[in-house]
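Heads up: the structure comes next, in structure tokens.
The values are calculated or read from the model by the stated rules, or taken from the named source; none is laboratory data. Please read all numbers here as calculations on a predicted model, not as lab measurements. Here Cβ is always computed from backbone atoms with ideal geometry, including for glycine, and neighbour counts include all displayed protein chains.
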């Protein structure tokens, strides 16, 4: 179904989707410490990443190299660190500490008595986890600790997913359709989440479910920078870029093997994740590597369609889910059926119109694939609701009428407030 026809929601002509500009704040060189990682990346004055989040400064040579230039941080990523630094400074000022001690205060020196850390939101947790993966993927080379850092990002993502699967789908799917920052890592994290949920639905053994998740995180390592560039900027595809895209699966597997990855199933899945699916061949007749690669490919295509790029707007997750799950005969195959159970016919994070005329965002999967829980954001008359209302689409008055394009909804959802409805 196309965008709704009421005047307030008539879609504008397609235009490139651009991420909000990164706001940089200065970072003082006095806080560069050997062996102590920062929870955010360090950048130069152009915004180029110099040191990924969670990466330790190995020695004095590297510290001096960084200290020899002006350093900055993404204001949003570093906000919590700077808040804790301000608390540490303020604590010393209140007890009349010497100025030298005040100047040397560090964020991790706030006393437990003076400050109880504010609870982190799930959105902040996922953003930090994406940053962890982004930094790790930039370090995939022999001799680095990239594998340990990918493992840490994977373990944290799994923990978040297990505790709040619907809310995690909501946040990552919404992010895919509205932001291009750290595209490669963010996309890989969403693919991992959907793949592992689908693997559970398929009843796969733990080793295959874990392998498809790890392959999802690593599948685009050979073109991470290029993917980020293509997502954020309207760049024409030259023959050289097309060749890079065509070869990235094989090159990624080679890079991972050369960097020390000794997991044959993961390497094969990365190598094959763009291979064409064998026609009419049941999963049971495929090798483990073929099964994992087939699921990875299907989810990769689905999530790419719902992701915004500088050169195009995202497809509605509702329409993309139907294309990914249903075959030419209108019925789901094995993987399509698992995907349908994993994300629903109306995935969390997508916009829909209800039978009542209200427009809302899907918060969670429901009793069946076509019966999600929706938070209404806009009234039938086209005005934003002062208070979002939770709708159970099992009630025919609030049944889902169809998909709504993200570009047709002018209300910006308050995620924490909406997720608190369930």
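Some points to look at:
- Selection over region 367-401 of residues that are modelled with pLDDT under 90 and closer than 11 Å to residue 346 by Cβ gives a count of 3.
- Test: residue in region 384-392 that is in contact (Cβ under 8 Å) with a residue 60 or more places away in the chain and closer than 26 Å to residue 190 by Cβ: no
- Residue check for residue 160: in contact (Cβ under 8 Å) with a residue 12 or more places away in the chain, surrounded by fewer than 22 Cβ atoms within 10 Å (Cβ to Cβ) and assigned by TED's automatic domain parsing to the domain that holds residue 293: yes
- Scanning region 229-243 for residues that are surrounded by 15 or more Cβ atoms within 10 Å (Cβ to Cβ), in contact with a helix residue (DSSP H, G or I) (Cβ under 6 Å, 6 or more places away or on another chain) and more than 19 Å from residue 146 (Cα to Cα) turns up at least one hit.
- Members of region 104-126 found to be modelled with pLDDT of 75 or more and buried (at least 20 other Cβ atoms within 10 Å of the Cβ), listed by number: 126
- Test: residue in region 318-331 that is assigned by TED's automatic domain parsing to the domain that holds residue 184, in contact (Cβ under 8 Å) with a residue 60 or more places away in the chain and under 24 Å from the mean Cα position of the chain (by Cα): yes
- Among the residues of region 252-283, those identified as touching a helix residue (DSSP H, G or I) at 6+ places or on another chain (Cβ under 9 Å), outside any helix (DSSP H, G or I) and surrounded by fewer than 14 Cβ atoms within 10 Å (Cβ to Cβ) are 260, 275, 276, 278, 281, 282.
- Within region 354-370, considering residues that are under 25 Å from the mean Cα position of the chain (by Cα) and either without any contact (Cβ under 8 Å) to a residue 24 or more places away in the chain or in a strand (DSSP E or B) (or both), the one surrounded by the most Cβ atoms within 10 Å (Cβ to Cβ): 360
- Any hit, region 171-188, residues being touching a residue at least 24 places away in the same chain (Cβ under 8 Å) and farther than 25 Å from residue 319 by Cα: no
- Within region 400-410, the set of residues being surrounded by 17 or more Cβ atoms within 10 Å (Cβ to Cβ) and part of a loop (DSSP other than H, G, I, E, B) comprises 404, 405, 409.
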